[in-house]
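See below for the structure under consideration.
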Amino acid sequence: MELQTLAMKDATIVDDGTTERTSYPYVTGTSVIGMKYKEGVIMAADTGGSYGSTLRYKSVERIKPIGKHSLLGASGEISDFQEILRYLDELILYDNMWDDGNSLGPKEVHNYLTRVMYNRRNKFDPLWNSLVLGGVKNGQKYLGMVSMNGTHFEDNHVATGFGNHLARPILRAEWHEDLSFEEAVKLMEKCLLVLLYRDRSAINKFQVAKITEEGVTISQPYALKTYWGFSAFQNPSKGAVGSW
Amino acid sequence: MFRNQYDTDVTTWSPAGRLFQVEYAMEAVKQGAAAVGLRSTSHVVLATVNKATSDLSSYQKKVFKVDDHIGVAISGLTADGRVLSRYLRNECINHAFVYESPLPVSRLVVRLADKAQVCTQRSWKRPYGVGLLVAGLDETGAHLYYNCPSGNYFEYQAFAIGSRSQAAKTFLERRFESFNNYSRDELIKDAVFAIKETLQGEKLTSAICTVAILGKDEAFHLIDQKIIQEIIDSIEIKEDAPAEQAPEQDEAGSSGAAPMDI
C-alpha cells in the first residue's frame, strides 16, 4: 500500500550511487511522560530542542493531537518527529475520506507507528525517536510507547529517555487507577520537577496535554517553581578542598 | 438475452449503453447454486445449497471464512470465488498486521468492488463470474453486502443469489422487517427455511446445505451438520402438523363450494 512505501523510501541516494542514512540525531527533545487517569490519558513534555549540549530552541511543541482519538508525544530527533507527523497526517486524512463511521483509534495508530519504526530500523535508517501514543476511544483508555528500534508496549504510565530513570520510579510508587485530573497533574508536575533538576537538557517550560472521550486539550506552556536554596548548594566546592 | 454484435468484448458498449459481457457475467451468478444471507443487529447468517456434480463426488466449497469477523458465501464460477476469497483474506490479514485491529467490512467490500470494476474496463480481462455475499461485523455493527461482477456492491438486511433464489427472496421479503430483533437461533432457522424455499420440493437435508454464522461474541464459523439437521427436523415437524388437519377441513367444506383452482 502507498502509505507504507512512503514511509520507507527516505534513505537518500547520493550521486555516486551510495545511500546515506541516519547515524546520529542533531536537534533533540528530552523526556516525555504519559499516564492514564480517570477520564483518559495525560501527557507532558518540555518545549526544548537541544542542539547537542546547547539548549538551542525553547518553543518546540513535542506533543500533538492525531485524529480525534489520539495524542502523540516524541523525544529524540525533532525533524524525524515532524516527518512522522506528516505520515500520520496522511493516514488520518485517508481514514477521514472514507467517511464511513469507522475511524483509526489509538491502538491502530500505535501499531502503524510500530511497523514504520521497525521497518526503518531494519534498513539501518531509523527514525531517531521514542514515541508515546495515548488516547481514548469508545471509553477505552490506551497508552503505549514505541522506540526507535520498534520495541513497543502498553502500560498505565510510560516515559522516554531520562523520564524512564527518574519519573517511572515515582509513578510506580504513586500512580493508581482512577486518578482525578488534578491528582494526575500534581503527580505529573512532581515528575517534571525532578527531571528539571536532574536532566541537563530539560528546560523550565512545559506543556501538559490531556485526551478524553470529548477530545484533546494541550495547555499553553508554563513554568514550575524551583528552589535552589538547599544548604548543600551553598559553597559547592566544600567537599572538594584540595583539588587543584 | 440473445447474441448481438456488441457482446464480444467487455470494452464494447452497446448503443443502448450496456456492457453485455458484464451482464453475461451476472447470468453466470444466476446459474450457480443458491446462497442466502440474513442479518440482525448482532449476528449475520449465511447459508448455501451444496450441489454436487454426481453422487460419487463431494460438493464444492461455497462458504469461506475471510477473518474472525468476516465470511463470504459465493454463487457462480466457484473457481473465481476461491481466488477472490484469497484476495479478501489477504487484505484482512495485511490490515491486521499493520493496525492490530480488524478491517472494517465496508472498506473491504469497496476494495473488492474496485477489483471487480477493473475487469470491466480492460480488453485483456474478463469480469469475475461470481457473486459474493459478504457477512461481517465491525465497530459500526453487523453488515451483509452483495458484491456483483459489475463492480457494484449493495448493503442488505437479507438477500439471496443463485438459481431459484427468487423463491428465497420472496420468503425473506415477507419477514425481513423483524430480522433486527431476531435472536441468533431464529436467524439460523429463517436462513435454513429460505434455502428450503429454493429447493422447491426437493428434500432438504443437512448434507446438501451449509450454514455459517458470525456474531458479536462469535467468530465466523460453519455450523455443525448435526445441529443443522435438528433445525431442519424442527421445521419439518411444524409443517407436517397443519397438513394432518387439512383432510378433515376438506370434507367439511366440500358440500357446497367448488374446489379452489390456484
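Laboratory data are not the source of any read-out in this text; all were calculated from the coordinates shown. Everything numeric in this text was worked out from a predicted model, so none of it was measured. So basically every Cβ, Gly included, is an ideal-geometry build from the backbone, and we count neighbours across all protein chains shown.
With a/c under 1.5 counting as rounded, go ahead and sort the stretch B:160-237 into rounded, prolate or oblate using the C-alpha gyration tensor (a ≥ b ≥ c being the square roots of the eigenvalues; past the cut-off, prolate if a/b is larger than b/c, else oblate).
Because a/c hits 1.5 or more and a/b fails to exceed b/c, the stretch B:160-237 counts as oblate.
With a/c under 1.5 counting as rounded, go ahead and sort the stretch A:93-179 into rounded, prolate or oblate using the C-alpha gyration tensor (a ≥ b ≥ c being the square roots of the eigenvalues; past the cut-off, prolate if a/b is larger than b/c, else oblate). In terms of gyration-tensor shape, oblate.
Considering only A:D155, A:D89, A:D99, the Gaussian network model of chain A with Cα springs below 10 Å gives its largest mean-square fluctuation to A:D99. If a/c stays under 1.5 just call it rounded; otherwise compare a/b with b/c (prolate if a/b is bigger, oblate if not). Do that for chain B, with a ≥ b ≥ c from the square roots of the Cα gyration tensor eigenvalues. Oblate, since a/c reaches 1.5 and b/c is not below a/b.
The residues packed around A:N111, meaning those with a beta-carbon under 13 Å from its beta-carbon, carry a net charge of -1 if Lys and Arg are +1 and Asp and Glu are -1.
If the cut-off is 16 Å between C-alpha atoms, which lysines fall inside it for B:K125, apart from same-chain ones fewer than 8 positions away? Filter leaves B:K115. Give me the distance between the Cα centres of the stretch A:47-98 and the stretch B:21-42, rounded to whole Å. Centre-to-centre distance over Cα atoms comes out at 48 Å. Among the trypsin sites (Lys or Arg not before Pro) in the stretch A:138-244, those placed in a DSSP loop whose Cβ has at most 16 other Cβ atoms within 10 Å are A:R200, A:K205, A:K225.
Peptide B:96-103 is shielded by partner chain Cβ atoms: per residue, an average of 5 of them sit within 10 Å of its Cβ.
Taking the centroid of alpha carbons for each part, the stretch B:169-246 and the stretch A:127-179 are 51 Å apart. Each Cα pair under 8 Å and six or more residues apart adds its sequence gap; the mean of these over the residue count of the stretch B:85-213 is a relative contact order of 16 percent.
Of the complete DSSP H runs in chain B, none spans 24 angstrom or more by Cα along the long axis with a mean Kyte-Doolittle score not below 1.6.
Counting other Cβ atoms within 10 Å of each Cβ, which GluC sites (Glu not before Pro) in the stretch A:158-244 have at most 15 and sit in a DSSP loop? In loop regions of the stretch A:158-244 (DSSP not H, G, I, E or B), the sparsely surrounded GluC sites (Glu not before Pro) are A:E177, A:E213, A:E214. Between A:V60 and A:G48, A:G49, the built amide H atoms are under 5 Å apart, and every one of these is 5 or more places off in sequence or on another chain.
Cross-link partners of B:K189 among lysines, defined as those whose alpha carbon lies under 22 angstrom from its own and excluding same-chain residues fewer than eight positions apart: B:K51, B:K61, B:K62, B:K65, B:K169, B:K203, B:K216, B:K226, B:K238.
Here A:K107 is the anchor, and the lysines within straight C-alpha reach of less than 19 Å, apart from those fewer than 8 places off in the same chain, are A:K36, A:K38, A:K64, A:K68, A:K137, A:K141, A:K210. Contact order, relative form, for the stretch A:88-207: 16 percent (alpha carbon pairs under 8 Å, 6 or more residues apart, mean separation divided by residue count).
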